[in-house]
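Q: This is the structure I want to talk about, given as structure tokens.
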Amino acid sequence: MQQIRNIVILTGAGVSAESGIDTFRGGGGLWEQHRVEDVATPEAFARDPDLVLRFYDMRRAAIQEKQPNAAHTALARLEAEWPGNLLLVTQNVDDLHERGGSRRVLHMHGEHLNAWCTSCDIRSRWTGPLIDRPACPICAAPTLRPDVVWFGEMPYRMGEIYAALREADLFVSIGTSGAVYPAAGFVQNARELGAQTLELNLERSQGSHWFHESRLGPATEVVPAWVDEMLGGA
Ligand code: NAD
């Protein structure tokens, strides 16, 4: 591990699964009884905003009841103790990395605990429901939507992510199915630029063949074990 200095970590729903937050593709492609197309697209929001707002209100309330697990806290420890650069990119819209102690988290798919005003374009911290069309705290317009990147929308901060991948000596993907692009392509980018690539997942992901190594098991076991190894068994 001596030659590794810059690490980019990508996490997905699997890292929060043992905290009791459903993954996306579990349950036969249904996400809490809804088809993705009915709740996670701009078209769905235009067609039936009440359904979409109610769905996200439920998710927003639910995540606030959940607690970070050993995988989240291990990644926070790695960030605190790793002597080189580390960027944690998450597809998750929950805040369990932050509550687990991570300080620098890039939420490429947005955050449940933010609302985005489509009138003034400002994002505000938001923990309550949106279904009753509350006023934006900045401009007072009743036009807040979940600050979550829907299918067909551009993920956030891609320039920063690609810049970090260019410098990465090690790219690690944790608990993600490798089905949603552009995140699913990060392993190829990193590998083509010379990084070592490691997957930690319950089972092999769709892009598993791109990784130099796959370690299979629950995130609460494989992530702390890998972090211990990175920090020299400390
Ligand atoms: P996904 O559901 O497609 O894949 C989850 C992956 O996690 C699978 O490969 C599965 O094998 C693995 N997994 C399940 N339990 C695990 C465990 N205990 N330990 C380790 N791995 C485990 O999720 P994804 O790849 O993150 O997909 C994409 C989208 O789902 C993202 O856009 C994300 O925004 C959204 N999402 C987020 C949350 C959240 O914020 N917690 C929850 C559900 C979905």
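The values are calculated or read from the model by the stated rules, or taken from the named source; none is laboratory data. Keep in mind that this is a model prediction, so the values were computed, not measured. All Cβ positions, glycine included, derive from the backbone under ideal geometry; neighbour counts span all protein chains shown. Surface accessibility is based on the protein's heavy atoms, side chains included, excluding ligands, DNA and RNA. Shrake-Rupley method; radii C 1.70, N 1.55, O 1.52, S 1.80 Å.
Q: Given the peptides 167-175, 94-102, 134-142, 37-45, arrange them by the average over their residues of other C-beta atoms within 10 Å, most packed first.
A: Details: 167-175: 24.1, 94-102: 21.2, 134-142: 13.4, 37-45: 16.4.
Per-residue Cβ counts within 10 Å, averaged per peptide and sorted highest first, yield 167-175, 94-102, 37-45, 134-142.
Q: Need the full-extension length gain, H209 to S119, defined as separation in residues times 0.36 nm minus the C-alpha distance. One decimal, nm.
A: So the chain would gain 28.0 nm between H209 and S119.
Q: Does a label point 7 Å from the Cα of L193, set along Cα-to-beta-carbon, have any residues of region 153-174 with amide nitrogen under 17 Å, and which are they?
A: 156-173
Q: Hey, another quick one. What whole-number value in Å² describes the accessible area per residue of region 41-118 for a 1.4 Å probe?
A: On the way: 3150 Å² over 78 residues.
Solvent-accessible surface per residue comes out at 40 Å².
Q: May I pose another question? For the chain, list the DSSP H helices whose alpha carbon atoms reach 15 Å or more along the long axis and whose average Kyte-Doolittle value is -1.0 or above? It would help to have the intermediate numbers written out before the result.
A: Details: long enough: 49-63 (21 Å, 0.08); 70-81 (16 Å, 0.10); 219-230 (16 Å, 0.37).
Those that clear 15 Å and a mean of -1.0 are 49-63, 70-81, 219-230.
Q: Still on this structure, I have one more. Can you list residues from other chains, or at least 5 along the same chain, whose modelled amide H is less than 5 Å from the amide H of S214?
A: Counting only residues 5 or more places away or on other chains, the set is E199.
Q: May I ask you to give the average projected area over all directions of the convex hull of the Cα atoms of the chain, in nm² rounded to one decimal? Let's see the in-between values first.
A: Numbers: hull surface 49.6 nm².
For the Cα atoms of the chain, the hull's average projected area reads 12.4 nm².
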